[in-house]
């Protein structure tokens with residue numbers, strides 16, 4: 001295990017993308033200097049003014065290294081454990097490999113994969129159809145708890161930006177700890193989908209909470225006139241997501257960890273299923289942290305560190321949706337630390 005300096009951060013990012021070490025900023029032009037990442041700073045060797053979060057990193061994407069990352073962060077995980085991940089629409093080409101998740105889930109005692117139904121009609125709109133999609137996509141090795149199957153529960157948002165409470169799947173409160181296993185990629189509304197998006201939309205109930213986050217009255221389905229005219233976008237949507245994510249983070253307190261897998265990073269979410277755009281940025285590895293802001297910040301920083309030809313499509317998606325405002329909203333809510341130390345386990 002070794003600390004990664006700012007110099008080596010960019011060398012590591014380039015190596016992950018192209019299989020070769022690069023000199024500091026070499027091959028990136030001015031992309032890193034221009035990256036509009038709010039308040040971000042990577043510290044060297046754990047030395048920095050003020051506090052900083054630890055983010056562990058590996059260039060490898062497999063079960064062995066995923067478990068190694070988790071074991072660096074799991075000291076506060078106990079009891080009945082929920083593993084929140086995006087199980088995807090039918091036949092989605094970019095969802096996390098089932099064999100990797102199976103090995104990971106079996107490593108965590110008393111753990112259950114959790115999901116919620118969607119706000120939009122499709123393969124996961126009803127619990128019945130959701131279970132069919134789970135089978136289609138190979139999520140058959142573990143029970144999957146569809147948390148809003150039996151109802152909803154409202155969780156408060158302390159010091160909220162826009163939403164004083166958000167309605168979650170009722171089963172969320174049946175768990176003692178939460179492991180957030182995220183496929184980091186683009187998102188049609190959020191710009192990017194990291195750990196925040198995974199819990200902010202992913203834990204919200206399909207019939208109420210997801211509509212709150214999108215700023216639409218429940219029952220007005222996506223594509224309806226009300227959805228098209230009242231839906232929160234850009235900064236407003238990012239702040240709604242931050243509020244929703246904070247409700248879940250506040251509930252679990254220190255008993256929550258985050259893992260982001262930077263693999264097959266389409267500009268589209270796994271919600272898009274087979275219509276998702278083919279990724280144009282190389283796979284970059286995996287990260288883990290107890291700090292939701294730090295891990296999403298570090299992933300964004302690594303995306304921005306890539307050569308323009310590789311990062312262009314994903315960065316365009318992020319910036320056209322004001323996706324970086326997710327990071328600012330989490331900072332304003334004091335959800336985490338934008339200053340982080342990136343530590344390689346390779």
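No lab work stands behind these numbers, since they all come straight from the coordinates. What you are looking at is a predicted structure, and each value in this text was computed from that prediction instead of being measured. Cβ: placed from backbone, ideal geometry, glycine included. Neighbour counts: every protein chain shown.
Give me 55, 303 ranked fewest to most by other Cβ atoms within 10 Å of their Cβ, as a rough exposure proxy.
Sorted ascending by nearby Cβ count, the order is 303, 55.
Does anyone have the angle between helix 6-18 and the longest principal axis of the chain? Alpha-carbon axes, 0 to 90°, nearest 10?
Computed tilt is about 70 degrees.
According to the square roots a ≥ b ≥ c of the eigenvalues of the Cα gyration tensor, what is the shape class of region 75-119, taking rounded for a/c under 1.5, prolate for a/b larger than b/c otherwise, and oblate for the remainder?
Oblate, because a/c is 1.5 or more while a/b does not exceed b/c.
If you take the square roots of the eigenvalues of the alpha-carbon gyration tensor of region 152-284 and sort them as a ≥ b ≥ c, do you get rounded (a/c under 1.5), prolate (a/b over b/c) or oblate?
Oblate is the answer for region 152-284, as a/c is 1.5 or above yet b/c matches or exceeds a/b.
How tilted is helix 98-107 with respect to the longest principal axis of the chain? Cα atoms for both, answer in degrees (0 to 90, nearest 10).
The two axes meet at around 90 degrees.
With 10 angstrom as the radius, rank 238, 262, 73 by how many other C-beta atoms surround their C-beta, starting from the fewest.
73, 262, 238
Classify region 118-163 as rounded, prolate or oblate, taking a ≥ b ≥ c as the square roots of the eigenvalues of its Cα gyration tensor: rounded when a/c is under 1.5, otherwise prolate if a/b is larger than b/c and oblate if not.
prolate
If each DSSP helix of 4+ residues adds -39,500 (n - 2.57) and the sum is divided by the residues in the chain, what number results at 222 nm, nearest 500 deg cm²/dmol?
-10000 deg cm²/dmol
Could you list 111, 142 so that the one with the fewest beta carbons within 10 Å of its beta carbon is first and the one with the most is last?
Ascending Cβ contact count within 10 Å gives the list 142, 111.
In square nanometres, what is the average projected area of the Cα convex hull of the chain?
Approximately 15.4 nm², given one-decimal rounding.
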